[in-house]
Amino acid sequence: MRHIRQYSFHLFFVLAFLLCGCGLLQAQLVITENLKSPISLRSKAELFVAGTKSYSIDQIIRLSDPDSFEPLTDFDENLGFSKDNFWMRFQLKNQTEKEGHYYLETARPITDIVTLYIKDGPEKITSQKSGDAIPFGQKSILHRKSAFRIDIGAGRTIEAYIHIKSDGEVVMLPLKLVPEKLFLYETYKEQLFYGFFYGILVLACIIYLFFYFAMRDTAFVYYGLYVLFIALLQFSLDGLFHQYILPDGGYFSKRAVLFAALISLFFFVNYGRKFLDIKNHGTYLLAAFEIMSGITFIVTLALLAVPGFLAYCYPLANHIGLAILLLTITSIVFLRIKKVEVDRFFMLGISFLILGFVVFILNNLNLLPNSFITENGAKFGIGLEIIFLSLSMGNRIRNLRESNEKNQLLALQRLEDMNDMKSSFISNISHELRTPLNLIMGVAETLRKDKRDKDLQEKCQLILNSSETLLGHVDDIIDFTSIEKGEQELDENPFDLHNTLNRVARINQNKAQHKNIDFTYTHATGMPEKIIGDRRKLIQVLNNLLDNAVKFTSSGKVSFHVDHRLKKDASVGFVFSIQDTGSGISKEKMSTIYESFTKNSSADKREFYGLGLGLYVAKSYVDLQNGNINIQNAADQGTVCRVELEFKIDVSQTSEPEDIKIGEVGKTNFDGCRILLVEDNKMNQMVVKLAVKQWQNIHLEIANHGGEAMEMLKQCTYDIILMDLQMPVMDGFEATANIRSGKAGEAIKNIPILVLTADATDATKKEVFRLGANDYMTKPVKADLLCSKIRKNLVPVGR
């Protein structure tokens, strides 16, 4: 019985072996000639789905159930998302007379574990391994693909077993035998294609990030980063991330594909929201975009932080991508229905993305045969999408440029409006400050002439000095505004040089006396008496510089010296030198002394008065006259300032009349001159009345506005008009224009008009002269200067 049982056992083993052999014979590829193209082994292979159970190669070879393996053709090439173990087997028989050398392409490059076992004879079993779950350097073939080398001798037959295991991603079961030479050729061809593909994506990313930094439009940064992570996604799918970035594998290496996919979706959904301007067109669509953005971000965090989430994340990422794609299509349709223009290149780019996605899915489902085109359908779709979306971004750049140009024009217009408003404001401020100053200085000047009360004289002088200081600040502000707008111009006329310099020296000498410091004024002999230039700007430059010298000198002296050098072209070059023994200028502040609203030091704001505009205005006016200004610390103490200016000599020897000196005004006899003062402000009327009372044989009448003046001119004859500008009913501009046009009578259309205004801007001065005014004088009204200008312009009419 024992022998019978042994015999039965051997018989059963032989039958099982024969059955197994019959199965393998059905899964055998016979090579009868050298292969010249890749050949699929799917029709010759069998598949065993082992589920979660692990088997060794010996167990697989000795499987007791002959039906465990089924024909591979009964299964789709794409087995979907799975964590199961899969085993494939087939036979290769070489009937040629030469040894065959081949490469076997198996699973996708991102498959975790792929192991090939070769049984060559009864006892000899060799193995090769691949997959991205092992370090790249431990792969049997150092290639991005899950590929193995197969060498089969002439006339020999081998049995092959392949084990595939993934962590939940899509399992693909291609099985392709490629001749050695052809495998290398295809590798080079793919490298060229991939290099071109990835190069375009990376270049697009860099370009649009540059555009973002240039234009600050977040659509560019979203799009650039979307392109970058699309490139990283494809880089991972192709096995290049495992090969070049993290060859040792690890936690992040397993998640690289999903991470790149999710981040690219995050930037794509935000790019679509920004590009389509969803915020301004659809509240519900905007909420949908924000929800999808939030879901993508949360899933990305869960992928990195939750170890067990990886298997669930593969299908979830695909569903998120599909949802975002549908949301984008829905948004485009919605905007088109609302008649909102959508860039045609953007729509084409999305269409190609959809086409590439469809080809990719159909290939995964085995509805399209495997080929270089279908396997890389997603790349072609993405590549075309990137091209057309880049064209759409080009249109966006053009639109943004046009919008920026429009905004710049609008901003320029607003700036001009603001400048006009600022000029109007400065004019009003000037008027409002000069009007009370006019009365204060006029009354103080009148009271100061009372020789009987010395104390009253001193107090009036203090009032006048303080008013002059305030008036200087007002002038600085007006000049600053004019300089900032670029409206400063030279008003060159003949004037008396000596009288001008003496006046400047006298004013600053009075300031120095109040501080108990010495002030000296000297000049070289032989200076011309009359020159041609802008007298007002020369006075302001010298006054600002001398005022600073007096201001920053606590003890010692301030010296003012003028030198000159005659030139051949009837011109003269002047050097105005100002030296003080003051505190000097620190090295840190020396480079900024000509800037507006700056002072010598932070302590100046407490210790010294002023706005910090004096040197700025002085430098601007010196530059306007093509001169030169230089300020340096003196060798011992204080500062030295040199101003070089050039003027033409007045060979005609005609100039503006000199100001009448204080005390001589009352001696002036105007021989019954009739003056019409057009002024609405009672204080200003009082100031002119006080001035006129000092003169002899003069008659003053007052009109409260331009309309009243027009009626008075029709009824009476006047020798000169003193015209204010800002008045109710009819202002001075309109009144001047009406008089010059003859509306008050042809006989008096040329009557002299002397403008008395608190508006000291150059624009106003130009305008009144354009309207036909003969002369211009700013308030506060000084009696001597007013007398001088009336005498200059007085031309009796009809008397």
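The values are calculated or read from the model by the stated rules, or taken from the named source; none is laboratory data. Everything numeric here is computed off the predicted structure, so don't read it as measured data. Cβ coordinates were reconstructed from backbone atoms using ideal geometry, including for glycine residues, and neighbour counts include every protein chain displayed.
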Cβ-Cβ under 8 Å pairs, at least 6 apart or on other chains, region 66-95 side under 18 Å from Tyr117 (Cα atoms), far side in a helix (DSSP H, G or I) and of a type in the set (Ser, Thr, Tyr): Leu72/Ser43
Filter pass, Leu209 being part of a helix (DSSP H, G or I) and touching a Gly at 6+ places or on another chain (Cβ under 7 Å): yes
Conditions (1) in the same structural domain as Tyr314 (by TED's automatic domain parsing); (2) modelled with pLDDT of 85 or more; (3) over 25 Å from Leu322 (Cβ atoms); number of the one not met by Ala261: (3)
Matching option when the condition is part of a helix (DSSP H, G or I), at pLDDT 85 or above and under 19 Å from Gly131 (Cα atoms), among Phe235, Phe229: Phe235
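Could you check region 572-639 for helices (runs of 4 or more DSSP H) lying wholly inside it with 1 or more residues that are closer than 19 Å to Leu490 by Cα, of a type in the set (Gly, Ala, Ser) and at pLDDT 75 or above?
On the way: elements: 587-590, 604-607, 614-624.
So the answer is 614-624.
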Qualifying residues in region 696-721 (those that are in contact (Cβ under 8 Å) with a residue 40 or more places away in the chain and either touching a strand residue (DSSP E or B) at 6+ places or on another chain (Cβ under 6 Å) or among the aliphatic types (A, V, I, L, M) (or both)) - the one nearest to Ile739 (Cα to Cα): Ile721
Unmet criterion (only one of (1) at pLDDT below 75; (2) in contact with a Phe, Trp or Tyr (Cβ under 9 Å, 6 or more places away or on another chain)) for Leu501: (1)
Top-ranked residue of region 650-681 - restricted to ones that are part of a strand (DSSP E or B) and more than 60 Å from the chain's Cα centre (by Cα), ranked as modelled with the lowest pLDDT: Asn669
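What residue, of Ser146, Ser127, is out of contact with any Pro (no Cβ under 7 Å at 6 or more places or on another chain) and of a type in the set (Ser, Thr, Tyr)?
Answer to the selection: Ser127.
Collect the residues in region 242-254 that are assigned to a helix (DSSP H, G or I), within 40 Å of the chain's Cα centre (by Cα) and within 14 Å of Gly131 (Cα to Cα), keeping them in residue-number order.
Passing the criteria: His242, Ser253.
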Qualifying position, being in contact (Cβ under 8 Å) with a residue 40 or more places away in the chain and assigned by TED's automatic domain parsing to the domain that holds Asn78, among Phe193, Phe148: Phe148
Candidate set from region 108-131 (those that are outside any loop (DSSP other than H, G, I, E, B) and of a type in the set (Val, Ile, Thr)); member that is surrounded by the fewest Cβ atoms within 10 Å (Cβ to Cβ): Thr126
